[in-house]
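K.L.:
Take this structure, written in structure tokens, and hold onto it; I'll ask about it next.
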Amino acid sequence: MAAEVLAGSGAKVDVFDAMPSAGRKFLLAGKGGLNLTHSEPLESFVARYAEQRASVASWLESFGPCELRTWAKGLGVDTFVGSSGRVFPVDMKAAPLLRAWLHRLREAGVRFHMRHRWIGWGDIDVDVLRFQTPRGDVQVRAQAVVLALGGGSWSRLGSDGSWIPLLRARGVVVAPLKPSNCGFDVAAWSEHFRSRHAGQPVKSAAIAVTTTDGSVFHKRGEFIITDTGVEGSLVYAASARLRDEIATQGSATLHVDLLPARTLQWVADELAHPRGSRSMSTHLKTRLGLHGVKAGLLYELLPKSVLAQPAELAAAITSFDAEAIDPDACVRNAERFSLERFRARLPGEIELALSGERDHERALARRPSRPARRGLARPFR
Ligand SMILES: Cc1cc2nc3c(=O)[nH]c(=O)nc-3n(C[C@H](O)[C@H](O)[C@H](O)COP(=O)(O)OP(=O)(O)OC[C@H]3O[C@@H](n4cnc5c(N)ncnc54)[C@H](O)[C@@H]3O)c2cc1C
């Protein structure tokens, strides 16, 4: 983007990249459908950038989601809004967009130098950049430099974070890299649960997370059970909060409402129907439509005593007041989604809670004093 704007203003632009070809991570993003942007109102969109929202908002005001769609169209790529509000290329691919983009850049005079790894500045002259290439080290003098070196994940695609020590050595303060969309481990799933439900989506559900500063985040959508924990769009939406909570507290709690469209009263009334000789699994399925992975979570997370008490069970199933969720913020996640996305894992755990507490503000504010493993992943059967 910077190359395009600079070349458009008449600057002579050279792009250097360590990899043999450009845009490798961009291409990988295309495998999951290439979510280009979001169609929600700008105010909600910038809120996703949390503490960076002020600076990001100023960029998005001049080049926001609409401008991005127009830009893609200018490269011959039409876009559409998915059912979640996210925006994708019509063919869900990154390659045609990248190809057209690189072509247009070359036409504008931008020169690409691949297999050029930037390794620092000249010893004396800071206008000189040093590159490692297959033909030995190369030095390049530039009047202005834009560093766009990526983060630290998927290093085999080029972004390995090796620029951080180079900048720090020059006295530049660089914040530590943190994963921004990632799955989380929960205290080990039982083998019974893992073998039956890993890979399955939990939908529709609502989650809530409270952070130590007292703020509460909640959202409706779906998430996926993995071998060791949870991931998926709903978890990614909360991942920055969970990540920071784990960093400061050692663990975080993700409250889950398994029937976000139902009231506690409705669930309690249904459960109160006599079940006669029917098993609890059949009762949950026929009265509440809870079966498969959702019923599995109940057996996995709740003590037997709660399962035997309709009132407690109802409160656990609707573990917080999902009605309080802003409907505009809901993710109705129907379009294609790659499970391989954002697989970064953190060295921390989250607690998955079916707390049975109706008042979500209160439930969420009451944090366990230490990582609460009890009730987690305890095989029920
Ligand atoms: C599986 C997956 C799916 C994704 N899906 C989406 C999605 O649908 N939508 C979305 O918006 N985002 C998605 N992302 C995230 C998106 O790919 C990244 O946010 C984006 O690529 C970041 O762009 P960037 O230019 O900052 O960094 P990068 O794309 O990582 O580019 C950095 C470039 O710098 C080069 N480089 C690094 N160090 C040096 C050096 N020392 N010398 C020379 N060159 C160097 C690298 O080779 C690389 O080409 C996805 C990511 C992954 C991993």
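The values are calculated or read from the model by the stated rules, or taken from the named source; none is laboratory data. None of these values were measured; they are calculated from a predicted model. Cβ: placed from backbone, ideal geometry, glycine included. Neighbour counts: every protein chain shown.
K.L.:
Count, please, the residues in region 190-224 that happen to be more than 21 Å from residue 47 (Cβ to Cβ), part of a loop (DSSP other than H, G, I, E, B) and in contact with a strand residue (DSSP E or B) (Cβ under 8 Å, 6 or more places away or on another chain).
P.N.:
Within region 190-224, residues that are more than 21 Å from residue 47 (Cβ to Cβ), part of a loop (DSSP other than H, G, I, E, B) and in contact with a strand residue (DSSP E or B) (Cβ under 8 Å, 6 or more places away or on another chain) number 3.
K.L.:
So which residues in region 141-162 are surrounded by fewer than 15 Cβ atoms within 10 Å (Cβ to Cβ) and among the hydrophobic types (A, V, I, L, M, F, W, C), if there are any at all?
P.N.:
Listed by number, the residues that qualify are 142, 144, 145, 146, 147, 148.
K.L.:
While we're here: Could you pull out every one of the helices (runs of 4 or more DSSP H) wholly within region 1-79 that has 1 or more residues that are more than 13 Å from the ligand (Cβ to nearest atom)?
P.N.:
So the answer is 2-8, 42-47, 53-62, 65-74.
K.L.:
Any idea which of (1) more than 16 Å from the ligand (Cβ to nearest atom); (2) on the phi > 0 side of the Ramachandran plot; (3) under 22 Å from the mean Cα position of the chain (by Cα) is the one residue 171 doesn't satisfy?
P.N.:
(3)
K.L.:
Do you know which residues across region 204-227 are under 18 Å from residue 295 (Cα atoms) and over 17 Å from the mean Cα position of the chain (by Cα)?
P.N.:
Hits for region 204-227 are 204, 227.
K.L.:
Now for a separate question. So residue 112 fits all but one of (1) in contact with an Asp or Glu (Cβ under 8 Å, 6 or more places away or on another chain); (2) within 14 Å of the ligand (Cβ to nearest atom); (3) assigned to a helix (DSSP H, G or I); what number is the exception?
P.N.:
The number of the failed condition is (3).
K.L.:
Based on what the data block shows, is residue 90 free of Cβ contacts under 8 Å to residues at least 40 places away in the same chain, surrounded by fewer than 17 Cβ atoms within 10 Å (Cβ to Cβ) and of a type in the set (A, V, I, L, M, F, W, C)?
P.N.:
Taking the combined requirement at face value, the residue satisfies it.
K.L.:
Collect the residues in region 127-137 that are part of a strand (DSSP E or B) and closer than 27 Å to residue 26 by Cα, keeping them in residue-number order.
P.N.:
Answer for region 127-137, where residues must be part of a strand (DSSP E or B) and closer than 27 Å to residue 26 by Cα: 129, 130, 131, 132, 133.
K.L.:
Of the residues in region 245-265, how many are surrounded by 15 or more Cβ atoms within 10 Å (Cβ to Cβ) and assigned to a helix (DSSP H, G or I)?
P.N.:
4
K.L.:
Restricted to region 105-127, and to residues that are at pLDDT 95 or above and β-branched (Val, Ile, Thr), which residue is surrounded by the fewest Cβ atoms within 10 Å (Cβ to Cβ)?
P.N.:
Here the residue is 119.
K.L.:
In region 27-86, what residues are among the charged types (D, E, K, R) and at pLDDT below 95?
P.N.:
31, 40, 43, 48, 51, 53, 61, 86
K.L.:
Hey, residue 147 hits all of (1) over 23 Å from the mean Cα position of the chain (by Cα); (2) closer than 18 Å to residue 2 by Cβ; (3) away from the ligand (no atom under 15 Å from the Cβ) but one; which does it fall short on?
P.N.:
Exception for residue 147: condition (3).
K.L.:
Of the residues that sit in region 155-168 and are of a type in the set (A, V, I, L, M, F, W, C) and closer than 22 Å to residue 3 by Cβ, which one is farthest from the ligand (Cβ to nearest atom)?
P.N.:
The selected residue is 167.
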